[in-house]
Amino acid sequence: MRRNLSVTAASYALVLSLMLLPILVNPASAQIAIPADLQNDQVEISYVAPRNPAFRPLYDRYKNRQVLEQLRAFMAPLSLTRKVTVKIDQCGRMNAVFQPGGGVTICYEYLAQIDKLAPAEKTALGVTREIAIAGAFIQVALHEMSRAVFDVLKIPVWGREADAADKLAGFIMLQFGPDVALTTLRGTAHFFDASERTWTGSDFSDVQAPEAQRYYNYLCIAHGGPSSEAFRPFLTQIKFLELPRAKRCTQEYADLRWAFQKTILPHVDQDLMERVQKMPILLPNEMK
């Protein structure tokens, strides 16, 4: 007997959020104990030392925090039919191009951009540097993993795959519970808003929507989801609720929920999910 969607997805996402949120800003060394037998054998991880010395602090920070080890443990309950390599590497560009049958690459260039765009002080919208970095990293990690999951599980995607990956990433973030969901999605929204990309012809021709469009897509997922009231002050402040798009967000979220239930949930092992929930974690106050 499988649990219902909200319980499984909420548990799954809460574990990831608690694992990753505390580990991305504080440079002090701290690690959690990950059970040796709790990992997905189909997920291989690698921190590739960057050729550019400017990226070395990023390499040290993410490797010391075991972000990929924790991501692999988080993926343990998901049944994959082939091996997937997940690595952090220097790409020579902001994003690596995902190839069918290939692995997942999170680029140092993207991580550097996250650091660059994170505010030094809390913004008027309540976004701290910690929120901005954590939210943007969780978004890109979930986005890139979503593309691999679509490929491995042969999940049909109508439209652009990158847009579908954004939708799945946003949906999972909404299962964190109101407080953590608000943190991660505010961080994500800040990154896309601060990118200041313009609506040019080259943006429209890309395989992925411009940051401005992705910004509103994530806001709509937040407004349409189960924690919409928690987001209302934030969405009111940026005047999103005044836009015609806001009226459609509840249905957009319902479509995402149905798609997740039909395509991803059948591949989740409930017994392993319970073990992942019991993993020791570093809470924010332990990282100070």
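The values are calculated or read from the model by the stated rules, or taken from the named source; none is laboratory data. Fair warning: this is a prediction, and the values are worked out from it, not measured in the lab. Quick reminder, even Gly has a Cβ in these numbers, built from the backbone with ideal geometry, and neighbours come from all protein chains shown.
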Going through segment 210-266 one residue at a time, which ones are outside any loop (DSSP other than H, G, I, E, B) and β-branched (Val, Ile, Thr)? Ile221, Thr236, Thr250, Thr263
Any chance Ala132 is of a type outside the set (Ser, Thr, Tyr), within 16 Å of the chain's Cα centre (by Cα) and more than 18 Å from Asp41 (Cβ to Cβ): yes
Scan of segment 142-174 for residues that are at pLDDT below 90, under 22 Å from Arg72 (Cβ atoms) and among the β-branched types (Val, Ile, Thr), ordered by number: Ile172
What residue, of Leu153, Leu174, Leu125, is out of contact with any Phe, Trp or Tyr (no Cβ under 6 Å at 6 or more places or on another chain), touching a residue at least 40 places away in the same chain (Cβ under 8 Å) and crowded, with 20+ Cβ neighbours inside 10 Å? Leu174
Give the residues of segment 77-135 that are on the phi > 0 side of the Ramachandran plot and at pLDDT 90 or above, sorted by residue number. Gly92, Gly101
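Being in contact with a strand residue (DSSP E or B) (Cβ under 8 Å, 6 or more places away or on another chain) and either surrounded by 18 or more Cβ atoms within 10 Å (Cβ to Cβ) or not in a loop (DSSP other than H, G, I, E, B) (or both) narrows it down to one of Ala141, Ala169, Ala162, Ala136, so name that one.
Checking each option against the conditions leaves just Ala141.
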What number of residues in segment 54-100 are out of contact with any helix residue (DSSP H, G or I) (no Cβ under 7 Å at 6 or more places or on another chain) and assigned to a loop (DSSP other than H, G, I, E, B)? 7
Only one of (1) buried (at least 22 other Cβ atoms within 10 Å of the Cβ); (2) closer than 17 Å to Pro210 by Cα does not apply to Leu117, and that is (1)
Any chance segment 107-118 includes a residue that's β-branched (Val, Ile, Thr), assigned to a helix (DSSP H, G or I) and in contact with a helix residue (DSSP H, G or I) (Cβ under 6 Å, 6 or more places away or on another chain)? yes
